[in-house]
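The values are calculated or read from the model by the stated rules, or taken from the named source; none is laboratory data. Everything numeric in this text was worked out from a predicted model, so none of it was measured. Positions of Cβ are backbone-derived with ideal geometry, glycine not excepted, and every protein chain shown enters the neighbour counts. Heads up: the accessible areas ignore ligands, DNA and RNA and are worked out on the full protein's heavy atoms, side chains in. Shrake-Rupley method; radii C 1.70, N 1.55, O 1.52, S 1.80 Å.
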Amino acid sequence: MKKTLLVLLSAFLLLALSGCGGNTGAPTGADEEPYEDFIVVGFSQVGAESDWRAANTRSMQEALAEANGYKLIFDDAQQKQERQITAIRNFIHQEVDYIVLAPTTESGWDTVLLEAKAVGIPVIIVDRMIGGLDESLFTCWVGSDFRKEGDVAVAWMEERFLGEPINIVHLQGNIRSSAQIGRTEGLDAGLSANENWTLVARESGEFTQAKGQELMEEVIARQIDFDVVYSENDNMAYGAIDALKAAGIRPGIDVTVISFDASKAALEMTLAGEISYNVECNPLHGPRVRAIIEQLEAGETPRKFTYVEETAFDSRTLTQEVIDSREY
Ligand code: AHR
C-alpha cells in the first residue's frame, strides 16, 4: 500500500513538473519546447580579437536580450571559419528561429547556408560580406563598405602628402576577410595612382594588438625606412604605436599612423596626435539586426543589402566633445 502511494505521488509530481512549469526561457526537459516564449537567435561571432568586436558583441547582446523578447545563443568562433560552420549546424539542430552570421572570411559558406535554407531558417549576415554566393542563401546583409573606408584613408593621404615620396608599412587584417580585402584594395588603388608611394612592408597582424606590435618590431629591427603606417584596425595600431615608442620613434611626428574603426580609446590617441587619421567602422549592429527581425516577424521584406553610414576623424580637427559622445 505504502509502495503504491509512493508511485502515485511520484507520477503526480512528474506530471506537475512537465506540464505546468511555464516557460522560464531555459530548456527543462526532452518533451518541452525550449524558449517557446522567445524569438530564438543563434549568433555566430567571429571572435574577440579587437575592441570593435567587443563593442559589436555587446550591441548584439543588448539588442537581443530576454527583456526584448529574444533568446540569444552566442558562439565565439575564435577567428576560425570551421568553428562558425559547426556553430551554424548546431543552431540548425537547435531549431533556432533566426541565424545571424558575422563571417570570418568571404568564401566557403555555400554548403552550410544551403543546409539552413533547406530547413527554412532565415540567415542574416552582419559586418563583413560573403562573396560570390547565391543570394537566395541569405535573407539580408547589414555592414560596412570596407572598400570605401580604404578609399577615404587614401584620399586623406593624398591631401596630406601632396605628391611627396612616402614609404608605407601596411598592417593587414585577417586575410580573406572583407574588412581586409576592402581596405587593402583601397590602398592598392592609392599605390597605383601615386607613383611616389612605395610599399615597404605588408603583412597580416590578424586584427590583434599583439600581432600589430610584433610586426612593427620586425620592421624596425630590419631597419626599413618608412613614413606611414597603414593599420587596418585600431588594435594593430595600438601594438604598432607601442613598438614605435619603444624604439624612440614618435608617432604623429616621425611617422604618420592611419587606422580604422575609430573606437573611443583610439580616438583619444587621435586627439593626442599619435594616430593622424582614423576611419570609422561602426560596430553597433544589434539594433539593426533587431529591426530586420521585427520586419520579418511582421511579414515584411527587409532590404537585401544595407551599408551603414560611417565617417572619419582627423587629429587636426577632432575634439574631446566628439569623443565623449561616442557610444563605443
Ligand atoms: O569586420 C570589422 C573588423 O573586424 C574591424 O575593423 C576589426 O577591428 C575587427 O576585428
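Could you go through the range 160-171 and let me know if any residue there is within 16 Å of the ligand (Cβ to nearest atom) and either over 22 Å from residue 289 (Cα atoms) or part of a helix (DSSP H, G or I) (or both).
yes
Filter the range 172-201 down to the residues that are buried (at least 20 other Cβ atoms within 10 Å of the Cβ) and in a loop (DSSP other than H, G, I, E, B) and list them by number.
173, 174, 177
Just one of (1) within 16 Å of the ligand (Cβ to nearest atom); (2) in contact (Cβ under 8 Å) with a residue 40 or more places away in the chain; (3) not in a loop (DSSP other than H, G, I, E, B) trips up residue 241, so point out which.
Here residue 241 clears every test but (2).
Looking at (1) open to solvent by 40 Å² or more (accessible area, probe 1.4 Å); (2) closer than 30 Å to residue 98 by Cβ; (3) within 15 Å of the ligand (Cβ to nearest atom); (4) of a type in the set (A, V, I, L, M, F, W, C), which is the one condition that is false for residue 296?
(3)
Could we say that residue 190 is under 25 Å from residue 47 (Cα atoms) and in contact with a helix residue (DSSP H, G or I) (Cβ under 6 Å, 6 or more places away or on another chain) here?
The answer is no for residue 190.
Would you kindly identify the strands (runs of 3 or more DSSP E) lying entirely within the range 273-318 that contain at least 2 residues that are touching a helix residue (DSSP H, G or I) at 6+ places or on another chain (Cβ under 6 Å)?
277-280, 312-314
Yes or no: the range 263-278 includes at least one residue that is crowded, with 20+ Cβ neighbours inside 10 Å, over 21 Å from residue 221 (Cβ atoms), out of contact with any Lys or Arg (no Cβ under 9 Å at 6 or more places or on another chain) and of a type in the set (D, E, K, R).
Within the range 263-278, not a single residue is crowded, with 20+ Cβ neighbours inside 10 Å, over 21 Å from residue 221 (Cβ atoms), out of contact with any Lys or Arg (no Cβ under 9 Å at 6 or more places or on another chain) and of a type in the set (D, E, K, R).
For the range 303-320, how many residues are closer than 17 Å to residue 130 by Cβ and open to solvent by 100 Å² or more (accessible area, probe 1.4 Å)?
2
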